[in-house]
């Protein structure tokens, strides 16, 4: 893997390169340092060879120096105050039914019974280039971000007009407090996701709220265990742009 620290628009992993974009290049924010160190530590722990590149010599020297001090076993803690209070995992309606029925969020390898290598090849066809070992984890995005729906919609991506007019089916979101999930023994920081958890997560222990687009209500409600009924909320989504839907969900979570 190559870690490329750059002045660009969006951080992304593609073709074996983690393009890490600084918001105030060439200044590195504290939370960005945390992610850089977490990524280096995670890659070393996985036994992956890592190359660090940057056009700014001062940044390159500082990051390489920090990397040389990480042995691959060091625990990189999150910043003292998380960027957001919540993280979430999104799923399509079919996967959401299975998640609720089982009471568990499962990694892709657990859910599909395939290896990370097999899944990485399959997902690459839909534009995702995550490393194979990522699929051994339940991956989370920050609670206010759109990435979860982009992942859910990637297999049949709507056109821009449908996004604007709300002619799409958003994902079901499973929200968890960040301060709770960092207590999970299987959690890990890879410097790319806010946090992820190896293999599985019990909804009975960690779920804060499940947000379901209203059009899925009949499909979803019969799969909800009694213990989780009070944590499932249905919101009208059709006719809302993706950003409007995201704002509606975030507002709902903030009021719970």
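The residue that is nearest to residue 117 (Cα to Cα), among those in the range 17-40 that are touching a residue at least 40 places away in the same chain (Cβ under 8 Å) and out of contact with any helix residue (DSSP H, G or I) (no Cβ under 7 Å at 6 or more places or on another chain), is 39. Among the residues making up the range 188-208, those that are without any contact (Cβ under 8 Å) to a residue 60 or more places away in the chain and farther than 18 Å from residue 130 by Cα are 205, 206, 207. Restricting the range 1-16 to residues that are touching a residue at least 12 places away in the same chain (Cβ under 8 Å) and under 18 Å from the mean Cα position of the chain (by Cα), the residue that is farthest from residue 117 (Cα to Cα) is 11.
Highlighted here would be helices (runs of 4 or more DSSP H) found entirely within the range 174-221 that include at least 3 residues which are farther than 27 Å from residue 37 by Cβ and either in the same structural domain as residue 31 (by TED's automatic domain parsing) or in contact with a helix residue (DSSP H, G or I) (Cβ under 8 Å, 6 or more places away or on another chain) (or both), but there are none.
The rows are residues; the columns are (1) closer than 22 Å to residue 141 by Cβ; (2) assigned to a strand (DSSP E or B); (3) more than 20 Å from the chain's Cα centre (by Cα).
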position: 34; (1), (2), (3): yes, no, no
position: 38; (1), (2), (3): yes, no, no
position: 42; (1), (2), (3): yes, no, no
position: 47; (1), (2), (3): no, no, yes
position: 52; (1), (2), (3): no, yes, yes
position: 60; (1), (2), (3): no, no, yes
position: 67; (1), (2), (3): no, no, yes
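Just one of the listed residues (211, 182, 253) is in contact (Cβ under 8 Å) with a residue 40 or more places away in the chain, farther than 20 Å from residue 94 by Cβ and under 17 Å from the mean Cα position of the chain (by Cα), and it is 182. Could you list, in sequence order, all residues of the range 226-240 that are surrounded by 14 or more Cβ atoms within 10 Å (Cβ to Cβ) and either modelled with pLDDT of 95 or more or not assigned by TED's automatic domain parsing to the domain that holds residue 138 (or both)? Passing the criteria: 228, 231, 232, 233, 234, 235, 237, 240.
The values are calculated or read from the model by the stated rules, or taken from the named source; none is laboratory data. If you're wondering where the values come from, they're calculated on a predicted model, not measured in any experiment. Heads up, the Cβs are rebuilt from the backbone with ideal geometry, glycines too, and the neighbour counts pull from every protein chain shown.
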